[in-house]
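Just below is one structure, and these are the notes that go with it.
The values are calculated or read from the model by the stated rules, or taken from the named source; none is laboratory data. Just so you know, these numbers come straight off a predicted model, no measurement behind them. Every residue, glycine as well, gets a Cβ built from its backbone with ideal geometry; the counts of neighbours run over all protein chains shown. The protein model used for the area step is the full one, side chains on, heavy atoms only, and it has no ligands, DNA or RNA in it. Shrake-Rupley method; radii C 1.70, N 1.55, O 1.52, S 1.80 Å.
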Amino acid sequence: DLRKSWSVIWLLFFVFLLLVACSGQQTYLFKGGSENWNVDYSIDIKGNNSESGYITIKYIGENEPPKKINYEINSNLGSSSGNMELNDGVLKTSASSCSGCAVTRENEELDVTIEWDGKTENFTLKSK
């Protein structure tokens, strides 16, 4: 039956378009650390001009973890920063996102600065 054949062809075409449209998302994980800190920065890239980022900062030093930190993560495209409280030595941020922006590239290196209790550490995050 010709109508059934066309229905199957249209269904397959629609599924193909759906798969192509959803394949535009990539996730990059940037990792790095210093004597007292480990940082994971996960970035979901959606197309050529939209991204969302999630940051986890963990205190790994020998002393008692600080209650609050200032952090800044810089890329070629901009920065993410905050003055936030830690929960048992860990800070997890919710998604920060931009739309209509230039997106982070996998081969970028991100510069991190963390300040706490009068101390400062700087290090670099690299894609893993």
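General observations
- A cut-off under 14 angstrom between Cβ atoms defines the neighbours of Leu125, and their net charge, with Lys, Arg +1 and Asp, Glu -1, is -2.
- Between Asn107 and Ser5, full extension at 0.36 nm per residue minus the direct alpha carbon distance yields a gain of 32.1 nm.
- Projecting the Cα atoms of Asn38, Ser96, Gly82 onto the charge dipole of region 28-128, computed from C-beta unit charges around the Cα centre, puts Ser96 farthest toward the positive end.
- Neighbourhood charge, 9 Å Cβ-Cβ cut-off, centred on Ile114 and excluding it, Lys, Arg +1 and Asp, Glu -1: -2
- Rolling a 1.4 Å probe across the protein heavy atoms gives region 47-128 an accessible surface of 63 Å² per residue.
- Protein-only accessible surface at a 1.4 angstrom probe places the residues Asp40, Asp88, Asp111 in the order Asp88, Asp111, Asp40, largest first.
- Within the same chain, lysines fewer than 8 places from Lys126 are excluded, and of the rest, those with a Cα less than 17 Å from its Cα are Lys31, Lys58.
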